[in-house]
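The values are calculated or read from the model by the stated rules, or taken from the named source; none is laboratory data. Nothing here was measured: the structure is a model prediction, and the numbers come from that model. Every residue, glycine among them, receives a Cβ derived from its backbone with ideal geometry; neighbour counts consider all protein chains shown.
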Amino acid sequence: MYRATQLALQRQVALKVVSHQLSADPSFLERFKREGIAAANLDHPHVIPVYEAGESDGMAFLAMKFIDGPSLDDLIRTPPGVDARRGLSILMQVAQALDYAHESGLVHRDEKPANILLGPGDHAYLSDFGLTRAMDGSRLTSSGVWMGTLEYVAPEQIRGAEVTSAADRYALAIVAYEALTGKTVFDQTDRTALLYAHMHETPVTPSTRRPDLGRHVDEVFARALSKTPEERPPTSVALIEQLTRAVQASSVSGPPGGAPVTGPTDPPGSHEPARSRPSPPRGSSMPPPPPSPPAGSRREQVPPGRPARVASSGAASGPGNTPNKKVMVGAGVVAAIVLIGGIMAMSGVFGGESRTTTHVTTVYVP
C-alpha cells in the first residue's frame, strides 16, 4: 500500500499494488480488473471509493480514496482498547456497507479491523472490495498460498464450498468479538490448527474473557459464529443490532482493558462524603493545606466573633503574656527610619556620590 498522487487530478490516493507473482497470471489480471470495476460502482458512504483499477508495467493496482486516519485495528491494539459504545457505532456503519454490497451481488471475503478505516468523526470506510473478490479467498491458489486472513475466515471458505454473504457475517462477528474483548476468537499460532478451529472447535465465550459482557452477548456470538451459515443472523445490520441490545442489557461500558472508574470513598464512620482539596495550578506557590489534627487530639470549638487562641512553641498565650502594643509600634518606626537611611546612603543621596549605572546586554536566542 502506497500514498501516491494522481497526476491527472493532483489529488492524494491510496495505491494498492498486487505482487508480481499474481500480476503474472493473465486470468487473475482479468478477474482483478472486472471486480475492481464492480467495486468502483459501489456508491455508499461507508464503502471506500475506488478511483481506478488497472495494470501498469505488468503490475495490477487499485487507486482508492486516501483516508488520513487510524484503522479499527489501531484502536483495538492501542491500550486500553476501544470503548464498547464507540466500537459498536463503527461496526454498525460497516454492517450497512456490507449489506449494501451484498444487495449489489458482491461478497467482501476479507473483513478485518485493518480493512476498516476511520475518517473525521469516526466515519468508517470498508476497504478492499475489488481486491479481495478477485483474490477469491474461498480456495487455495495453484502455488498453495492462502489468499484470505485466517483469523477471520469462515468455515465454508476453508472447505471450498460456495461463499455467500453469510461468510461476511461470520467475519464481522469475529471483528466485533475482538473489538469488545481485545482478543480474536481463535488465537492459535499454527495455521493448520487455526483452520481446524474455525471448522470444528467451539469459540471461547466472550464473557469468559470479559465477564461484564454477560450471557446475552454470549448467545448472540454463538449464533453469529455458527459453523452452519444458515444459522447466522440474516443480515449484517441485524447482527450488530442484536449485539448492541445484548451489550446494553449487560450494562457494558468502557474499553476491554480499562480499569473501572471509582469515586472518592467515605472515611469509616463518617456520614458525609470525603471532599478532595483542589490542587494548586502547575508552577504556583500555594502553600500546602494544613495537616489534620493527630488521632486522639481534641479540637476546641470557637464561638462566632471570638478569636481563637493559638498555642505557640514557647509560653502559653494569655492575658499576662500579651505584648505592649505601644512598644511594638515604636520599635517598628525606629526600624523603618534606620532602613530608609541605609538605602539612601547606599544610593548616593548622602555624600553627593554619583548613581550607579547599570549596563544591559541583549542576547538573541535562535
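Pick from the stretch 208-249 the residues that are of a type outside the set (S, T, N, Q) and assigned to a loop (DSSP other than H, G, I, E, B): which of them is farthest from Ile90 (Cα to Cα)? Talk me through it step by step, then tell me what you get.
Here is the first cut: in the stretch 208-249, the ones of a type outside the set (S, T, N, Q) are 209-225, 227, 229-234, 237-241, 243, 245-247, 249.
If we keep only those that are assigned to a loop (DSSP other than H, G, I, E, B) too, we end up with 210, 225, 227, 232-234.
Details: Arg210: 20, Leu225: 20, Lys227: 26, Arg232: 21, Pro233: 19, Pro234: 20 Å.
Applying the filter and picking the extreme gives Lys227.
Taking the options Gln93, Gln6, Gln21, name whichever one is closer than 17 Å to Val175 by Cα and in contact (Cβ under 8 Å) with a residue 40 or more places away in the chain. Steps first, answer last, please.
Working: Gln6 fails: closer than 17 Å to Val175 by Cα; Gln21 fails: closer than 17 Å to Val175 by Cα.
Of Gln93, Gln6, Gln21, the one residue that is closer than 17 Å to Val175 by Cα and in contact (Cβ under 8 Å) with a residue 40 or more places away in the chain is Gln93.
Among the numbered conditions (1) touching a residue at least 24 places away in the same chain (Cβ under 8 Å); (2) farther than 21 Å from Val82 by Cα, tell me where Thr228 comes up short.
Every listed condition holds for Thr228 apart from (1).
To keep it simple, each residue is scored yes or no on (1) farther than 25 Å from Thr205 by Cα; (2) surrounded by 20 or more Cβ atoms within 10 Å (Cβ to Cβ); (3) at pLDDT below 95.
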{"residue": "Ile76", "(1), (2), (3)": "no, yes, no"}
{"residue": "Pro80", "(1), (2), (3)": "no, no, yes"}
{"residue": "Ile90", "(1), (2), (3)": "no, yes, no"}
{"residue": "Val94", "(1), (2), (3)": "no, yes, no"}
{"residue": "Leu106", "(1), (2), (3)": "yes, yes, yes"}
{"residue": "Glu111", "(1), (2), (3)": "no, yes, yes"}
{"residue": "Ile116", "(1), (2), (3)": "no, yes, no"}
{"residue": "Leu140", "(1), (2), (3)": "yes, no, yes"}
{"residue": "Arg159", "(1), (2), (3)": "no, no, yes"}
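Filter the stretch 173-207 for residues that are closer than 23 Å to Arg159 by Cβ, touching a residue at least 12 places away in the same chain (Cβ under 8 Å) and of a type in the set (Val, Ile, Thr) and give the result.
Hits for the stretch 173-207 are Ile174, Val175, Thr184, Val185, Val204.
Please work out which residue is farthest from Asp122 (Cα to Cα), limiting yourself to the stretch 23-46 and to residues that are surrounded by fewer than 14 Cβ atoms within 10 Å (Cβ to Cβ) and within 35 Å of the chain's Cα centre (by Cα).
Checking each candidate, the answer is Asn41.
Restricting the first residue to the stretch 47-69 and requiring it to be surrounded by 15 or more Cβ atoms within 10 Å (Cβ to Cβ), which pairs with a second residue that is among the basic types (Lys, Arg) and in a strand (DSSP E or B) meet a Cβ separation below 6 Å and a spacing of at least six or different chains?
Close Cβ pairs (under 6 Å, with a partner that is among the basic types (Lys, Arg) and in a strand (DSSP E or B)) amount to Ile48/Lys65; Pro49/Lys65; Leu62/Lys16.
All but one of (1) part of a loop (DSSP other than H, G, I, E, B); (2) modelled with pLDDT of 95 or more hold for Val252; which doesn't?
The failed condition is (2).
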